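Written out below as C-alpha cells is the structure these notes cover.
The values are calculated or read from the model by the stated rules, or taken from the named source; none is laboratory data. Bear in mind that the values here come from a model prediction, so they are computed numbers and not experimental data. Note that we place each Cβ from the backbone using ideal geometry, even for glycine, and neighbour counts take in every protein chain shown. In case anyone asks, the SASA skips ligands and DNA or RNA and just uses the protein heavy atoms, side chains included. Shrake-Rupley method; radii C 1.70, N 1.55, O 1.52, S 1.80 Å.
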Amino acid sequence: QHSDASSGDAAPSLPLELPHPRMGERRFVLEPLAEIDPAARHPRSGATAAAMLAALPPEDAAPLQRVCPLGSDDDEGLVRWGRRTLLMGVLNVTPDSFSDGGRFDSAAAATAHALELEAAGADII
C-alpha cells in the first residue's frame, strides 16, 4: 500500500496495483515495452505488448520529435528518441529513498551500483 504524502496523512490509501489497470490504453507505456519485448504478456489479460499496442487507435497528432541533451558519440551530443528504447537505471542516493532505503549513500556504494546498472544494460543512470 502507499500513502498520500501531499496530504500530510500517513494512513494507507488504496493498494498499489501493478501493472497499472489501464496500461493497455497507454501508448507511452506500450511503445517502449513492445520495442524491448514485443512478446511480453500482460499478467491478467495474457495479451502481448505488441498486440496491445496494435489495438490502440491511431494517434491524432504527428509524433513529437523528442530529444534529450545528453552526451552521445553520435548525433551532435543529443540522444534521439525513437531509434531504440533506452533503458534507465535509477540510482537513489538519499537515505530516505522509498525504493532502497539509502543503501547507496556513500560514493563507493553509489559507484558500485552504477557499474552494476551499466553491466545490466542501462544506457542512462
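Look through segment 23-56, keep the residues that are exposed (fewer than 13 other Cβ atoms within 10 Å of the Cβ) and more than 16 Å from the chain's Cα centre (by Cα), and return whichever of them is modelled with the highest pLDDT. Once the filter is applied, the top-ranked residue is 39. Pairing residues of segment 103-125 that are under 11 Å from residue 91 (Cα atoms) and of a type outside the set (Phe, Trp, Tyr) with residues that are in a helix (DSSP H, G or I) and open to solvent by 80 Å² or more (accessible area, probe 1.4 Å), at Cβ distances under 7 Å and at least 6 apart in sequence or on separate chains, gives 125/118.
Look through 17, 76, 59 and report the one residue that is exposed (fewer than 15 other Cβ atoms within 10 Å of the Cβ), at pLDDT below 70 and either part of a loop (DSSP other than H, G, I, E, B) or of a type outside the set (Asp, Glu) (or both). Can you show your working first?
On the way: 17 fails: at pLDDT below 70; 59 fails: at pLDDT below 70.
Step by step, each of 17, 76, 59 is checked, and only 76 is exposed (fewer than 15 other Cβ atoms within 10 Å of the Cβ), at pLDDT below 70 and either part of a loop (DSSP other than H, G, I, E, B) or of a type outside the set (Asp, Glu) (or both).
So is residue 100 of a type in the set (Asp, Glu), modelled with pLDDT under 75 and open to solvent by less than 60 Å² (accessible area, probe 1.4 Å) or not? Considered against the rule, which asks whether it is of a type in the set (Asp, Glu), modelled with pLDDT under 75 and open to solvent by less than 60 Å² (accessible area, probe 1.4 Å), residue 100 comes out as yes.
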